[in-house]
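Here's the structure we're looking at; comments come further down.
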Amino acid sequence: MIEFRNVSKYYKNDWLALNRINLKFDKGQFYYLIGRSGAGKSTLLKMIYMEIFPSEGEIIVENFSSKTIKQNEIPLLRKRIGVIFQDFKLLKDRNVYDNVAFALQVTGEKYQNIRKKTLEALSLVKISHKRNSFPYQLSGGEQQKVAIARALVKEPFILIADEPTGNVDPEGTREIMDILFDINTKGTAILMATHDYSLIKKSIGKIIGLREGKIVNPEDIFKLDFSGGSKE
Amino acid sequence: MIYILQETFKGFFKNKSMNLITIGIITISIFIFGLFIIGTVNLLNVITNAEDRVKMVAYLKEDITEEQIKNLENKISTILGVQTTEYISKEQALEDFKKDLKENSNLLSAFETNPLPPSIKINISMAFKTPENLKEISEKIKIFDGIDDVDYGAEWINELDRMVKILFLIDVILGIIIVFASIFIVFNTIRLTVLSRKEQIDIMDIIGATETYIETPYIIEGTIYGFFGSFLSTIILYILVEFISKKIPNIIFMNKNALFFFLFFGTLLGLIGSILSVKQCIFEIREIKKDDNLKRTLKKRSA
Ligand SMILES: Nc1ncnc2c1ncn2[C@@H]1O[C@H](COP(=O)(O)OP(=O)(O)O)[C@@H](O)[C@H]1O
Ligand SMILES: [Mg+2]
């Protein structure tokens, strides 16, 4: 459970990236966060895993609050949240298996469990056969699958995806989206930021629109931001 | 713990050239530090040798009795700073003088009687070999009955003392500069190796690795660099000193204790350098992300 209470964020003290955001994310749901580039999507997501903090307002994530969390509690928070990025952020110096197992090692998982959980996560995203490959040997789509496995292996309650298909070909994009839907039906909440409205299946998720740091009606975004072909 | 060691191991063999440069730089800075230590040790040695030669001699009156001599020796021995005393009779003094003169001893035949006075040689303990203390001791001795005069080379001592003070000041200032410079250099060198893996640290941080997990491999690595660096430079220093001592025989290398201290110092330098730099790097990475990168804002807005 995540809650934004009147959250604003200024960059460099004068650039208002988020403007009085009030939001609630429930367990098990699928959320789209849409808005064009620069709208503040990444900023909003980063606040959930507390890479950045509100200039005003408060964010509650489970039993952590942005106002009171201590530096040494942040790893505990991040253990509960899976994150994937447009640029995958895999560790280049180790293979697929180690990249995923790593997420368990750093969070202090028992040695006996690591192998089992890692292989499970890899098969969930259908990448087990490449477990000995290195990131540079994989396509964008495959790398993103590994990143998903790494995020899921910690069994988070939510998976945050920041433009997950930005560097993936159409074929891979479809697979990634299917995996995300699949994960969601198994109970993990998904919060996906995108400026690509063709990815949105309205029947499945809730849509949150963001423009210039403000929550707006998503229909307005479809009309104004996406209709003119202003996709990046 | 196993993972942390694995990480260290990986880090160590990943950037071979980087590691070699790091060890090289640490070696050089510890080498300079070592040169300084050896210089200081040898300087102290020279000073000690010079001060060793400081001897106080109390000349006695000609008509002194044996009883009085015993008495005097006792009294002198109780003075603070006096280590031992040794009585030199007129005859003994003549013998010593003859030995000093060697072939020219026939000069002495010019005298009909022995011109040398009896004396008491006084050994002063190291800590009291300052001009002030020597003066004080000699004045205490002078007032005893049967003493003619006390000699300790006052001028020479003053000169030596001034030299020692100046040299010491220079040495201490140099030492402070070198210690700080080596910490700074080692810190920055290790910082570079940490920064070169900034991306990795960032990823680990986002995944939820604890600080201990992120930092420990770098700290172990830095400590190993420090150890190797000081080990190498000790060897180089040793060879260098061996080489020099063939030309200047009195030079001394460090003893075993100092050698140990030296390795310890280098390792500590690596340890402190890496703790400081990795903590600082993580802090920096987080701070940059937390707020404001003006460049990025400008770039995005103009694009
Ligand atoms: N670290 C930063 N420093 C300064 N400005 C930033 C920083 N990150 C983002 N911004 C600015 O904040 C606004 C929102 O950015 P971002 O959240 O990345 O948007 P999005 O993910 O929707 O493209 C943009 O105008 C961007 O230039
Ligand atoms: Mg973004």
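Is it true that some residue in the stretch B:251-272 is crowded, with 17+ Cβ neighbours inside 10 Å, over 23 Å from A:Leu77 (Cα atoms) and in contact with an Asp or Glu (Cβ under 9 Å, 6 or more places away or on another chain)?
Within the stretch B:251-272, one or more residues are crowded, with 17+ Cβ neighbours inside 10 Å, over 23 Å from A:Leu77 (Cα atoms) and in contact with an Asp or Glu (Cβ under 9 Å, 6 or more places away or on another chain).
Residue-by-condition table, conditions (1) within 14 Å of chain B (Cβ to nearest Cβ); (2) under 22 Å from A:Thr43 (Cα atoms); (3) within 16 Å of ligand 1 (Cβ to nearest atom):
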{"site": "A:Ser123", "(1), (2), (3)": "no, no, no"}
{"site": "A:Gln143", "(1), (2), (3)": "yes, no, no"}
{"site": "A:Ala149", "(1), (2), (3)": "yes, no, no"}
{"site": "A:Pro164", "(1), (2), (3)": "no, yes, yes"}
{"site": "A:Asp169", "(1), (2), (3)": "no, no, no"}
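Would you be able to say whether some residue in the stretch B:18-35 is touching a residue at least 24 places away in the same chain (Cβ under 8 Å), farther than 27 Å from B:Glu136 by Cβ, within 14 Å of chain A (Cβ to nearest Cβ) and assigned to a loop (DSSP other than H, G, I, E, B)?
no
For the stretch A:177-215, how many residues are touching a residue at least 12 places away in the same chain (Cβ under 8 Å) and of a type in the set (Ser, Thr, Tyr)?
3
Would you pick out the residues in the stretch A:47-73 that are surrounded by 15 or more Cβ atoms within 10 Å (Cβ to Cβ) and at the interface with chain B (Cβ under 8 Å from one of its Cβ atoms)?
Those that are surrounded by 15 or more Cβ atoms within 10 Å (Cβ to Cβ) and at the interface with chain B (Cβ under 8 Å from one of its Cβ atoms): A:Tyr49, A:Glu51, A:Ile52, A:Phe53.
Which numbered condition trips up A:Ala101, out of (1) aliphatic (A, V, I, L, M); (2) within 23 Å of A:Ala151 (Cβ to Cβ); (3) in contact with a helix residue (DSSP H, G or I) (Cβ under 6 Å, 6 or more places away or on another chain); (4) not in a helix (DSSP H, G or I)?
Going through (1) aliphatic (A, V, I, L, M); (2) within 23 Å of A:Ala151 (Cβ to Cβ); (3) in contact with a helix residue (DSSP H, G or I) (Cβ under 6 Å, 6 or more places away or on another chain); (4) not in a helix (DSSP H, G or I) one by one, A:Ala101 breaks only (4).
Starting from the stretch B:41-57, take each residue that is more than 23 Å from B:Glu73 (Cβ to Cβ) and list its partners that are part of a helix (DSSP H, G or I) and modelled with pLDDT under 75, counting only C-beta distances under 7 angstrom and pairs at least six apart or across chains.
none
Determine which single condition A:Gln86 fails, assuming it passes every other condition in (1) assigned to a helix (DSSP H, G or I); (2) touching a residue at least 24 places away in the same chain (Cβ under 8 Å); (3) within 13 Å of ligand 1 (Cβ to nearest atom); (4) out of contact with any Phe, Trp or Tyr (no Cβ under 8 Å at 6 or more places or on another chain).
Every condition holds for A:Gln86 apart from (1).
Identify, from the list A:Gly166, A:Gly140, A:Gly187, the residue that is over 25 Å from A:Lys92 (Cα atoms) and among the small types (Gly, Ala, Ser). Give the steps one after another, and end with the answer.
On the way: A:Gly166 fails: over 25 Å from A:Lys92 (Cα atoms); A:Gly140 fails: over 25 Å from A:Lys92 (Cα atoms).
A:Gly187 is the lone residue from the list that is over 25 Å from A:Lys92 (Cα atoms) and among the small types (Gly, Ala, Ser).
Please enumerate the residues belonging to the stretch A:137-167 that are part of a helix (DSSP H, G or I) and within 20 Å of A:Glu120 (Cβ to Cβ). Write out each step before concluding.
Applying the first criterion (part of a helix (DSSP H, G or I)) to the stretch A:137-167 yields A:137, A:140-152.
Answer for the stretch A:137-167, where residues must be part of a helix (DSSP H, G or I) and within 20 Å of A:Glu120 (Cβ to Cβ): A:Glu142, A:Gln143, A:Gln144, A:Lys145, A:Val146, A:Ala147, A:Ile148, A:Ala149, A:Arg150, A:Ala151, A:Leu152.
Scan the stretch A:80-96 for residues that are more than 11 Å from chain B (Cβ to nearest Cβ) and within 16 Å of ligand 2 (Cβ to nearest atom) and report the count. First the steps, then the outcome.
Step one: of the stretch A:80-96, the residues more than 11 Å from chain B (Cβ to nearest Cβ) are A:86, A:95-96.
If we keep only those that are within 16 Å of ligand 2 (Cβ to nearest atom) as well, we get A:86.
Number of matching residues: 1.
Given (1) hydrophobic (A, V, I, L, M, F, W, C); (2) more than 14 Å from chain A (Cβ to nearest Cβ); (3) farther than 13 Å from B:Ile23 by Cβ, where does B:Ile206 come up short, assuming only one miss?
Among (1) hydrophobic (A, V, I, L, M, F, W, C); (2) more than 14 Å from chain A (Cβ to nearest Cβ); (3) farther than 13 Å from B:Ile23 by Cβ, the lone unmet condition for B:Ile206 is (2).
Could you please let me know if A:Arg36 is more than 16 Å from A:Phe4 (Cβ to Cβ), within 16 Å of ligand 1 (Cβ to nearest atom), more than 14 Å from the chain's Cα centre (by Cα) and more than 10 Å from every other protein chain (Cβ to nearest Cβ)?
Numbers: more than 16 Å from A:Phe4 (Cβ to Cβ): yes; within 16 Å of ligand 1 (Cβ to nearest atom): yes; more than 14 Å from the chain's Cα centre (by Cα): yes; more than 10 Å from every other protein chain (Cβ to nearest Cβ): yes.
So A:Arg36 passes the test.
Given the conditions (1) more than 12 Å from every other protein chain (Cβ to nearest Cβ); (2) surrounded by fewer than 19 Cβ atoms within 10 Å (Cβ to Cβ); (3) not acidic (Asp, Glu), which single one is not true for A:Phe30?
Here A:Phe30 meets the rest and fails (2).
If you scan the stretch A:153-202, which residues turn out to be among the acidic types (Asp, Glu) and surrounded by fewer than 20 Cβ atoms within 10 Å (Cβ to Cβ)?
If we filter the stretch A:153-202 for residues that are among the acidic types (Asp, Glu), which is where we start, we get A:155, A:162-163, A:169, A:171, A:175, A:178, A:182, A:196.
A:Glu155, A:Asp169, A:Glu171, A:Glu175, A:Asp178, A:Asp182, A:Asp196, listed by residue number.
Which is outside any helix (DSSP H, G or I) and not assigned by TED's automatic domain parsing to the domain that holds B:Met18, of B:Ile141, B:Ile137, B:Ile122? Before the answer, list the steps.
Numbers: B:Ile141 fails: outside any helix (DSSP H, G or I); B:Ile137 fails: outside any helix (DSSP H, G or I).
Within the list B:Ile141, B:Ile137, B:Ile122, the selection yields B:Ile122.
Please enumerate the residues belonging to the stretch A:1-53 that are at negative phi and either of a type in the set (S, T, N, Q) or in contact with a Cys (Cβ under 6 Å, 6 or more places away or on another chain) (or both).
Scanning the stretch A:1-53 gives A:Ser8, A:Asn19, A:Asn22, A:Gln29, A:Ser37, A:Ser42, A:Thr43.
Specify which of the listed residues (A:Lys110, A:Lys116) is within 14 Å of chain B (Cβ to nearest Cβ) and either within 16 Å of ligand 2 (Cβ to nearest atom) or of a type in the set (D, E, K, R) (or both). It would help to see each step written out before you state the result.
Values: A:Lys116 fails: within 14 Å of chain B (Cβ to nearest Cβ).
Criteria check complete, one pass: A:Lys110.
For A:Pro164, state whether it is in contact with a helix residue (DSSP H, G or I) (Cβ under 9 Å, 6 or more places away or on another chain) and more than 16 Å from ligand 2 (Cβ to nearest atom).
Working: in contact with a helix residue (DSSP H, G or I) (Cβ under 9 Å, 6 or more places away or on another chain): yes; more than 16 Å from ligand 2 (Cβ to nearest atom): no.
So A:Pro164 fails the test.
If you check B:Leu80, B:Leu43, which single one turns out to be assigned to a loop (DSSP other than H, G, I, E, B) and either on the phi > 0 side of the Ramachandran plot or surrounded by fewer than 17 Cβ atoms within 10 Å (Cβ to Cβ) (or both)? Step through it out loud before you land on a result.
Details: B:Leu43 fails: assigned to a loop (DSSP other than H, G, I, E, B).
None of the others qualify; the one that does is B:Leu80.
The values are calculated or read from the model by the stated rules, or taken from the named source; none is laboratory data. Please read all numbers here as calculations on a predicted model, not as lab measurements. Positions of Cβ are generated from backbone atoms using ideal geometry, with glycine treated the same way; all protein chains shown enter the neighbour counts.
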